[in-house]
Protein chains: 2
Amino acid sequence: MAATILDVADLCGYSKATVSRAFASPDQVAEKTRQRVYEAARALNYTPDAIARAMVRGRTDNIGFVIYEKQYPVVLNPFYSPIFESVLQTCARKGYSLFISSDRDLRLPNGQTCVKKQMDGIILAGQSDAQMVMDLRRQNMPVVVLNNAIDVDDLTCVTTDQYGGALLAMRHLTERGHRKIAIIAGAFSPHVCTSRYNGYCDALREIGQTIDLRFVQTIEPTAEQATQCASMMLSLPDRPTAIFCTNDTIAVGTLKAALRAGLRIPQDVAIIGFDDSEISHLVEPELTTVRVDKAAMGCIAAEQLIAQIEGETPPKQVIQTPVELVIRQTT
Amino acid sequence: MAATILDVADLCGYSKATVSRAFASPDQVAEKTRQRVYEAARALNYTPDAIARAMVRGRTDNIGFVIYEKQYPVVLNPFYSPIFESVLQTCARKGYSLFISSDRDLRLPNGQTCVKKQMDGIILAGQSDAQMVMDLRRQNMPVVVLNNAIDVDDLTCVTTDQYGGALLAMRHLTERGHRKIAIIAGAFSPHVCTSRYNGYCDALREIGQTIDLRFVQTIEPTAEQATQCASMMLSLPDRPTAIFCTNDTIAVGTLKAALRAGLRIPQDVAIIGFDDSEISHLVEPELTTVRVDKAAMGCIAAEQLIAQIEGETPPKQVIQTPVELVIRQTT
DNA sequence: CTGTTAGCGCCTTCAC
DNA sequence: GTGAAGGCGCTAACAG
């Protein structure tokens, strides 16, 4: 049986209140007393019980990072993992710990959304529905939505300039004279997909180019799928001279296809990615891509959430981090 | 103020015990009753308080994944992230949630190791010291060590066949006739470093080759460092004909250096990696490497820990997952 | 199947 | 600077 605060109090001769203070607010306790308490605690292997503490304080100092279960696993996802890491850092800096769970953890047997877990607030990453957000809100659970934009009152959403990024990528291509530009789009959440696709279309429209549907493909965002898809496109008699890939994993798969087809890059085909994931500068030639400030996204989301937890009422807002073109060797 | 179990009990006319059961063990409650309880709960936006629940049950159903703070961030680490993912999956399957924290979360103001957080057990990943393990154990906190081997009684460590893998890689190279084989070793934890280096040395010894210290380099395991280091080696007049890299990130960096130097792979230099990370089949040519069963490592660690949490006493053991050579295009 | 009762271990007033 | 007492919200016996 683990020692409790009472055992320590008995051993050191002080009251449990003093023992409690010695750990929770050391400066409210006389130096000498504190030492005695610690000594007794050490002798008994006593450690404050975090649960009991959370119970009485009404706070856990934990934050939940929740992702849709069906979504490509976060930690393995080259886009989400840096965001997650940034959230982690920010939380640590502010004294919070991070919980990682899927939306499954948020369902009760009666189907209601609820927090079965011990957290003071939630970052809802990727796909997520308004219903869940509202359920959470109704239970006074602070929420911030990440990489998605949901239309709910007083909700803060943190995303990036999806549309602007796509436009940036496409204009870069059209400015270099490309006309036959294909898009290989990953089947992401609607928010991401449509914004990026709109950028593609609008850029084409700007140069008076109509959309050739043979050049528009949607795939599961894996390198393998991309390689396969790109191989087909590149073997068309009038193949595209440039391919806009809606993330870097797809771009890498496309790059493989081009390399295997013996094409020169960028002379024969230009390839542009999106996200500026780690992989983009690991491949050779290195990928031109649109940089998304993943660190900022994570940091902002965490800070916004913590502000809410600590009492602020958020306005309804969509925070978009800016994007930037990174020109490397594939365009 | 959030509704409590009592409010629900009052509203639906049952006792709080029944309300509690309706959520915690629905099958012990009559269908009709359950419905009424849920209805009242919904009306009040009631949700069981996870903290209070954990307090009285003496369990949180949470597991902590703890990493050394100075360690290269887990989620971004191509080796740890699949392990982490596997732990996550296994935990989810068994009804546990995962907490991610650094060793900093485990220190009290008095310097003692302790669990400030709400968890039933801990997976200590990567570098970790015996002292911390013992402190944790003394507090009845189940621990499993991952990717490390520590000499403590009744402690389960999960790692992989580091030495065997290195031997496998090296023999593959020597069997193909290589004699001048370099090693670019990442500065990992001693456990990993020494085992892999021993494999290198022993394989060289097998063919009667002495170790040429110009061909032995230790670096921070980034692609950039590796590229730089490999460039130097490859510009030696009597450059190595093969390079054993102690992980895939290093191998990728080395590959870049070789490609840029205009060398043909594997004819001019063979490159072999370690881990079989995602990246290994994303680069072109694809990397020959030693596959480490990261999924198994994560799964075993989680299962071992959960067994302990649920009452089993572990033997002192080091579980090594087997490795396997994956021959691709760089050898 | 449902109700009663007794804490879980701690923090936080409020006194002294 | 320290002590006494109350209660956080829930579950787990034990009855009925």
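A few points about this structure:
- Additional length obtainable on full extension of the chain from B:V56 to B:E220, 0.36 nm per residue less Cα span: 54.3 nm
- Across segment A:176-192, coupling constants 3J(HN,Hα) worked out from phi with the 6.51/-1.76/1.60 Karplus curve, θ = phi - 60°, read 7, x, 5, 10, 8, 10, 8, 10, 10, 9, x, 7, 8, 5, x, 3, 6 Hz, and Gly and Pro carry x.
- Normalising the average separation of contacting C-alpha pairs (under 8 angstrom, six or more residues apart) by the number of residues puts the relative contact order of chain A at 17 percent.
- Counting only DSSP beta bridges whose two residues both lie in chain B, roughly 10 percent are antiparallel.
- Tail weight of P(r) past 22 Å, computed on alpha-carbon pairs of segment A:184-308, percent: 38 percent
- A Cα-only calculation for segment A:152-215 places Rg and Dmax at 13.5, 45 Å.
- Interchain or long-range residues, amide H under 5 Å from A:L98's placed H: A:I63, B:I100
- Arranged from fewest to most other beta-carbon atoms within 10 Å of their beta carbon, A:K117, B:K16 become B:K16, A:K117.
- When each of the peptides B:163-173, A:312-322 is scored by the mean number of other C-beta atoms lying within 10 Å of its residues, the order from highest to lowest reads B:163-173, A:312-322.
- Cut-off under 5 Å, modelled amide H: who pairs with B:V158 long-range: B:V145, B:L146, B:N147, B:N148, B:I319
- Share, in percent, of DSSP beta bridges within segment A:158-307 that are antiparallel, nearest 5: 0 percent
- Of interest is the spacing of the C-alpha centroids, which for segment A:161-193 and segment A:253-331 amounts to 12 Å.
- Simple spin-label estimate for A:R260 and A:E206 gives 3.3 nm between the two label positions (7 Å along the Cα-to-Cβ direction from each Cα).
- Likely footprinting exposure, B:E278, A:E175, B:E324, fewest C-beta neighbours within 10 Å first: A:E175, B:E324, B:E278
- Shape box of chain A [Cα atoms, principal axes, largest first, Å]: 88, 40, 33
- Global form of the protein assembly as shown, assessed from the alpha-carbon gyration tensor, a/c cut-off 1.5: oblate
- Cβ-based exposure ranking for A:F65, B:F188, in which fewest neighbours within 10 Å come first: B:F188, A:F65
- Other-chain or far-sequence residues with amide H under 5 Å of A:I183's (modelled H): A:V216, A:Q217, A:F244
- Shape class for segment B:147-256, computed from the alpha carbon gyration tensor (a ≥ b ≥ c): oblate, with a/c not under 1.5 and a/b at or below b/c.
- Phi-derived couplings, Karplus 6.51 cos²θ - 1.76 cosθ + 1.60 at θ = phi - 60°, listed residue by residue for segment B:143-149: 9, 10, 9, 10, 6, 6, 10 Hz, with x used for Gly and Pro.
- Peptide A:272-283 has a mean shielding of 3, counted as Cβ atoms of other protein chains within 10 Å of each residue's Cβ.
- Karplus (6.51, -1.76, 1.60) ³J(HN,Hα), θ = phi - 60°, over segment B:43-59, in Hz, Gly and Pro reported as x: 4, 9, 6, 7, 8, x, 7, 4, 5, 4, 4, 5, 4, 7, 7, x, 8
- Structural descriptor for segment A:108-266: relative contact order 19 percent, calculated from alpha carbon pairs under 8 angstrom and at least 6 residues apart.
- Cα-based Rg of segment A:116-195 normalised by 2.2 N^0.38 Å, two decimals: 1.48
Computed from the coordinates by the stated procedures, all read-outs in this text should not be read as laboratory data. Keep in mind the model is a prediction, meaning the values are calculated, not measured. Neighbour counts run over all protein chains shown; Cβ positions are idealised from the backbone, glycine included.
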